[in-house]
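Reading through the structure tokens given below for one structure.
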Amino acid sequence: MRAVRYHAARDIRVEDVPEPSGLASDELLVRPRFCGICGTDLHEYVAGPIVTPSEPHPLTGAQNPQILGHEFSADVIEVGDGVVNAGPGDRVAIMPLAFCGQCYFCVRGLNHLCVRMGCVGLSWAWGGLGELAVVQDYQVAVIPDALSYEQGALIEPAAVAEYGVQRGGVRPGDTVLVTGGGPIGALVVLAAQAAGAGAVYLSEPNPVRAKGAEGLGASEIFDPRRSNVPEELKSRTGGIGVDVAIECSGNARALEDCVTSTRRAGTVVQTGLHVGPAEVHPMVWSENDLTIVGTWCYRVYDWQRIAALIQSGAFPVERVITGRIGMDETVPGGFDVLIDPEGSAVKILVEVGS
């Protein structure tokens, strides 16, 4: 079968690999349909290996070269005799995290913080950018008939975004700032609106991306290179500031804007991944009684809830899709396009099978 495999930084290849053979009782064989390219994949491409394992992974045993793809929908082909969550012919979305179920965090329901956590498409034998993949029973959720395969592939990044909104405690009527108009930032804008936010503001320096974000329904979009975002927001909130700020770009300046834009006793959520150090001013946090929250992934049991939210129409995740490509175009039409800092692409889906 064909698969997109990560070998090293700037070395991703579409190549033939052996098909899966044999299933454990709790495993399913699936045929991926659509798979998104994630920011984590881009970090691996530019500066990896970071998450993909150079040595055998302690939970899964996986090791580079790694079949990529952890945001995907699929058709179930075959199931082990102990599988209960899906059957042959079902359309599913994959929750890609793998966890031990035994560590301090797993036994407390915090499986996304498992000390040996792995991930399909990053530290697993298989991934969504292969023509076939093997996953475990707890990793599949049947897609409602009303959802497309494309929407199903977006449940994973949508769960990241919705978790940031949830951890921020966004309530109906709240005013929210989102920094960064990439795929997670765009989905956070949509998720905050789904949570009932009264106004959602977006800060995005790329003018092409900012223009594209106009269709997300943000109350206003600021260019932080030309505007003082905290001052602009204070002027729109009677000098108070936003209730919640969610940082989605992994940028130190954006984090500072979030802190300065948030009202006293408000909440700042760091959802974007910082790959380097950032200077912060904790005295400002204390003086303003701020709650500072970090998020990592999502609750592993939220797939059906996110799918229902999408199905209701309140969370139109398909709006963030800016491109669809075939597997052979994954690098030139996907990775290379997405790492362009001046580019317009937000979320590119790879059509793996049909």
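The values are calculated or read from the model by the stated rules, or taken from the named source; none is laboratory data. In this text, all values refer to a predicted model and were calculated from it rather than measured experimentally. Heads up, the Cβs are rebuilt from the backbone with ideal geometry, glycines too, and the neighbour counts pull from every protein chain shown. What goes into the accessible areas is simple: the full protein's heavy atoms, side chains included, and nothing from ligands, DNA or RNA. Shrake-Rupley method; radii C 1.70, N 1.55, O 1.52, S 1.80 Å.
Descriptive notes on the structure:
- Within the range 296-324, if we keep just the residues that are among the small types (Gly, Ala, Ser) and touching a residue at least 40 places away in the same chain (Cβ under 8 Å), the residue that is surrounded by the most Cβ atoms within 10 Å (Cβ to Cβ) turns out to be Ala307.
- Being in a strand (DSSP E or B) and either at pLDDT 95 or above or closer than 17 Å to Trp126 by Cβ (or both) is true of Ala74.
- Top-ranked residue in the range 257-284 [being within 15 Å of Pro230 (Cα to Cα) and of a type in the set (A, V, I, L, M, F, W, C); ranked as farthest from the chain's Cα centre (by Cα)]: Val284
- Residues of the range 19-34 satisfying the condition of being more than 13 Å from Gly127 (Cα to Cα) and part of a loop (DSSP other than H, G, I, E, B): Ser21, Gly22, Leu23, Ala24, Ser25, Asp26
- Within the range 36-59, tally of residues that are open to solvent by 20 Å² or more (accessible area, probe 1.4 Å) and among the aromatic types (Phe, Trp, Tyr): 0
- With respect to the conditions (1) surrounded by 22 or more Cβ atoms within 10 Å (Cβ to Cβ); (2) among the acidic types (Asp, Glu); (3) modelled with pLDDT under 95, Glu279 falls short on a single one, namely (1).
- Considering the range 92-129, the residues that are open to solvent by 10 Å² or more (accessible area, probe 1.4 Å) and polar (S, T, N, Q) include one that is nearest to Glu71 (Cα to Cα), namely Asn111.
- Arg33 meets each of the listed conditions (1) surrounded by fewer than 22 Cβ atoms within 10 Å (Cβ to Cβ); (2) more than 19 Å from Val275 (Cβ to Cβ); (3) modelled with pLDDT of 95 or more apart from (1).
Here's the yes/no breakdown for (1) open to solvent by 30 Å² or more (accessible area, probe 1.4 Å); (2) among the hydrophobic types (A, V, I, L, M, F, W, C); (3) modelled with pLDDT of 95 or more; (4) closer than 22 Å to Gly323 by Cβ:
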| site | (1), (2), (3), (4) |
| --- | --- |
| Ala199 | no, yes, yes, no |
| Glu204 | no, no, yes, yes |
| Ala213 | no, yes, no, yes |
| Leu216 | no, yes, yes, yes |
| Ile221 | yes, yes, yes, yes |
| Pro230 | no, no, yes, no |
| Gly239 | yes, no, yes, no |
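- Enumerated strands (runs of 3 or more DSSP E) restricted to the range 228-347, each holding at least 1 residues that are over 30 Å from Ala141 (Cβ atoms) and in contact with a helix residue (DSSP H, G or I) (Cβ under 7 Å, 6 or more places away or on another chain): 242-247, 262-270, 291-294
- Selected residue (criterion: farthest from Thr322 (Cα to Cα)) from residues of the range 130-152 that are open to solvent by less than 10 Å² (accessible area, probe 1.4 Å) and in a loop (DSSP other than H, G, I, E, B): Ile143
- Test: residue in the range 325-340 that is surrounded by fewer than 20 Cβ atoms within 10 Å (Cβ to Cβ), within 21 Å of Leu190 (Cα to Cα) and touching a Gly at 6+ places or on another chain (Cβ under 7 Å): no
- For first residues located in the range 251-262 and closer than 11 Å to Glu279 by Cβ, partners that are open to solvent by 60 Å² or more (accessible area, probe 1.4 Å) and not acidic (Asp, Glu) and lie 6+ apart or on another chain with Cβ distances below 7 Å do not occur.
- On inspection, Gln166 qualifies as polar (S, T, N, Q) and either out of contact with any strand residue (DSSP E or B) (no Cβ under 9 Å at 6 or more places or on another chain) or not in a helix (DSSP H, G or I) (or both).
- Residue-level check: of (1) in contact (Cβ under 8 Å) with a residue 40 or more places away in the chain; (2) out of contact with any Cys (no Cβ under 8 Å at 6 or more places or on another chain), Glu247 misses just (2).
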